[in-house]
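Following: one structure in structure tokens, then a few remarks.
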Amino acid sequence: MATEFGRTIREDLDCMSSANKLTMLCDCGSPLEYRGTTFFYEGRSWEVSLPICLKCHPVAVSAHAA
């Protein structure tokens, strides 16, 4: 079971790291921005761009509330 789980993680990270960034909109209608993130697993690393909405992201909301 753990081997299958690890294989799935590696395959997902391989796919995510090679994926093209698409211009997408958040549910609120704002364009998503991408932030570079590094994942580490079993001695390997992957550079992955994760989409975030600067309008809806909790940190952005907290920063505006301050």
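Each value in this text was obtained by applying a stated rule to the coordinates, not by laboratory testing. These figures come from a predicted structure and were not determined experimentally. Here the Cβ positions follow ideal geometry from the backbone for every residue, glycine too, while neighbour counts run over all protein chains shown.
Annotations for the structure displayed:
- Which of 19, 37, 9, positive extreme of dipole for the stretch 2-65 (C-beta unit charges): 37
- Here the stretch 2-65 is assigned +1 on the Cβ of each Lys and Arg and -1 on the Cβ of each Asp and Glu. Its dipole about the Cα centre then comes out at about 180 debye.
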